[in-house]
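This is the structure I have questions about; it appears just below.
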Amino acid sequence: MHKLIIIFSIFSFINVREAYASAKEAFEIYQSDNSNEKNKKIAHELIEGQFYFSAIPFINMYLEKNNKIDQELESDIETLVLKTGTMAVLNLDEKKLENFSIPSISLILGTRLFNKENYKKAFEILSKIPETHKFSAEANLINGTIKNLERSQIEAAQLYENCARKSDKLEKNSSNEKLKRYYNYIKETCIIRKARVKIEDKKYAEALEIYDLIDKRSYKWPYILLDKAWANYYLKDYNRSIGLTMTYKSPLLESYFFPEAEVLMALSYYSLCLWDDALKVVDHFYEYYQPKAESLKEILGQNKKSDTYFLDLYYAETKTREELNPFIRNLITQTRKQIKFNLDLSSLKASKEELNLLKKLKNKNEFTKKLEKNLENTIGFISKKINTYIKKEIFSFINEIHKHSYSMFNLKLELFSKKRDDIYSTRSNEEIKRARGSENNITRNSKQYFFDFNGSFWADELGDYSFGLQSKCELLKSE
Amino acid sequence: MKLILCSFIMAFFSIVSAEAEDAKDMVYKYKEYEVIDLGSMEIKGQIIAPGDLTVNERSRKIFERSLLEKSNFDYENKREIENLR
């Protein structure tokens with residue numbers, strides 16, 4: 001243990017020394033160099049010393065005045081993109097960024113244009129990234145999404161296929177654990193997209209086969225349950241659709257809650273002509289989601305102007321979040337699993353560490369003070385960005401509930417109408433004798449298991465549940 | 001000529017005042033009781049369809065409410081990209 005501490009201390013000492021040397025170099029350039037490349041050189045020295053966030057303003061200042069990017073600068077920008085994400089060229093507008101065609105800038109610009117719904121331009125910019133470059137997998141994913149939105153399904157499927165193949169290769173070739181996980185995430189996203197294209201093309205059975213490629217331990221797995229439930233719903237396997245949406249009720253998937261899953265469950269019961277069961281789901285939706293969404297809205301309204309409230313909530317103890325609103329805890333857990341959030345969070349941590357390193361430098365001067373001030377601003381900006389992100393996630397969730405309340409309302413009216421028809425035809429539940437569930441009503445293929453549900457969820461069974469309810473529709477028709 | 005005109009005017013006024021006096025004395029009386037024998041009523045016309053009087057059964061109006069459909073994954077796909085970087 002002592003040895004480990006000594007090795008760690010030596011390692012951090014070397015790091016500080018290297019950082020100090022680079023900061024000294026940067027200071028000398030800052031003082032003596034008056035050339036056009038001054039900011040570029042300072043940024044390079046800072047990147048060498050691992051002061052990535054401190055280098056951002058200098059890179060931005062250089063690119064603001066120059067359109068030429070040499071090999072060294074290209075490599076520096078790529079390092080910055082990997083270490084700081086989209087912040088590398090944060091201060092440059094789209095018009096300026098269009099002048100550069102290096103892959104790292106093309107990826108940032110393409111993503112920015114996509115988020116602004118300028119799909120045509122985004123596709124054009126992202127297509128500039130060479131097929132052999134490590135960013136091309138991500139570029140294929142975004143371009144595939146653009147084609148998907150345009151309903152060019154064949155092109156979209158091809159781009160998703162390229163993305164899955166490239167990210168698989170990158171994952172296998174990468175030695176960094178974090179990068180491996182990132183490429184795996186991209187690969188699985190692209191596989192899921194291929195399945196979604198199949199669903200959109202009404203090839204449901206083929207889609208279900210693709211979904212089976214996703215491992216149950218994957219980050220993406222809980223999200224595909226809803227997709228699979230829709231595919232089964234359209235295949236008229238309503239029992240499996242109910243089983244899949246029911247999986248979200250298991251304690252292991254407690255933090256994953258999708259109002260849409262509730263609507264789909266009710267729709268599946270409706271399609272089995274089980275009006276009462278469907279009504280129970282609808283009523284539960286209104287009783288459970290609505291009051292909690294209202295109180296969430298209140299929390300959002302009270303703190304909408306705060307730049308730190310939601311970030312503080314993230315750092316708060318689980319109990320505090322639970323007491324405030326049970327959804328907050330689940331929403332934070334779900335948010336934590338998003339890549340953007342994790343990148344921003346690690347950027348915040350890294351920039352704070354960088355500030356500490358700067359403060360440890362011995363010879364303080366005008367240059368180091370400037371770096372510290374810039375870094376403090378950057379930390380403030382990232383904090384605000386994360387705070388806004390959590391706020392946006394909560395807002396999207398409330399919107400989802402409202403959207404699906406409308407679907408549930410329509411379904412409820414439809415259910416009342418069906419029940420009224422039953423009353424007019426003097427039918428009642430007692431008259432229609434039906435079995436509540438049987439193994440005979442389950443359809444399954446060779447890859448699907450059969451488990452009995454004995455009142456508790458088992459991790460290995462999750463995602464394979466199917467109800468065995470008998471449809472009432474045939475009985476109603478025959479009367 | 002003037003004499004004829006004067007006599008016409010006088011004759012007109014005397015007729016009008018006589019009518020007004022008649023209307024003052026008039027008493028309006030409404031029927032207090034009337035029996036309508038529906039059984040003896042007849043409808044004249046041609047029978048164009050056999051059988052009794054029939055009413056066509058009107059089919060019940062079916063309201064089709066739009067239930068949730070999943071035709072695409074645009075919302076999820078866009079959000080995934082937004083959450084990437």
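The numbers here are math on the coordinates, done by the rules we state, and not lab data. Not measured: the values here are computed from a predicted model. Glycine gets a Cβ as well: all are built from the backbone with ideal geometry, and neighbour counts include every protein chain shown.
Which length gain, in nm to one decimal place, applies between A:Lys352 and A:Lys38 when the Cα-Cα distance is subtracted from 0.36 nm times their residue separation?
Full-extension gain reported as 110.4 nm.
Among A:Ser417, A:Leu371, A:Phe381, which residue has its Cα furthest toward the positive end of the charge dipole of the range A:244-433, with +1 on Lys/Arg Cβ and -1 on Asp/Glu Cβ?
Of the listed residues, the answer is A:Leu371.
What size of dipole, in debye to the nearest 20, comes out for the range A:134-292 about its Cα centre when the only charges are +1 on Lys and Arg C-beta atoms and -1 on Asp and Glu C-beta atoms?
760
Past the 24 Å Cα-Cα mark, which pairs from A:Lys24/A:Lys68; A:Lys249/A:Lys280; A:Lys83/A:Lys340; A:Lys198/A:Lys391; A:Lys349/A:Lys370?
Over 24 Å apart, Cα to Cα: A:Lys24/A:Lys68; A:Lys198/A:Lys391.
Each residue of the range A:359-364 in turn: what ³J(HN,Hα) in whole Hz from Karplus with 6.51, -1.76, 1.60 and θ = phi - 60°, glycine and Pro shown as x?
In residue order, the calculated couplings are 5, 7, 4, 6, 7, 7 Hz.
Measure up A:Lys96/A:Lys305; A:Lys187/A:Lys228; A:Lys41/A:Lys364; A:Lys297/A:Lys319 against 23 Å on the Cα-Cα distance and list the ones that go over.
A:Lys96/A:Lys305
Angle between the Cα long axis of helix A:38-48 and the longest principal axis of chain A, 0 to 90 degrees, nearest 10?
60
Can you pull out the chymotrypsin sites (Phe, Trp or Tyr not before Pro) in the range A:105-134 whose DSSP state is coil and whose Cβ has at most 15 other Cβ atoms within 10 Å?
none
With charges set only on the Cβ (+1 for Lys and Arg, -1 for Asp and Glu), what does the dipole of the range A:244-433 come to about its Cα centre, in debye to the nearest 20?
1280
Let me ask something else about it. Measuring from label point to label point, each 7 Å out along Cα→Cβ, what is the A:Cys473 to A:Glu94 span in nm?
4.6
Quick one: net charge around A:Leu279, please, counting Lys, Arg +1 and Asp, Glu -1 for every other residue with C-beta under 11 Å from its C-beta.
0
Mind pulling the angle between the C-alpha long axis of helix A:2-32 and the longest principal axis of chain A? Nearest 10 degrees, somewhere in 0 to 90.
Computed tilt is about 60 degrees.
Further question on the same structure: Between the helical axis of A:52-65 and the dominant principal axis of chain A, each derived from Cα atoms, what acute angle in degrees is found, rounded to the nearest 10?
80
Shifting gears a bit: Taking a cut-off of 13 Å between Cα atoms, list the aspartates and glutamates near A:Lys95, but don't count ones fewer than 8 places away on the same chain.
Straight-line reach from A:Lys95, under 13 Å: A:Glu64.
Still on this structure, please answer the following. I need A:His404, A:His284 ordered by Cβ neighbour count within 10 Å, fewest first.
A:His284, A:His404
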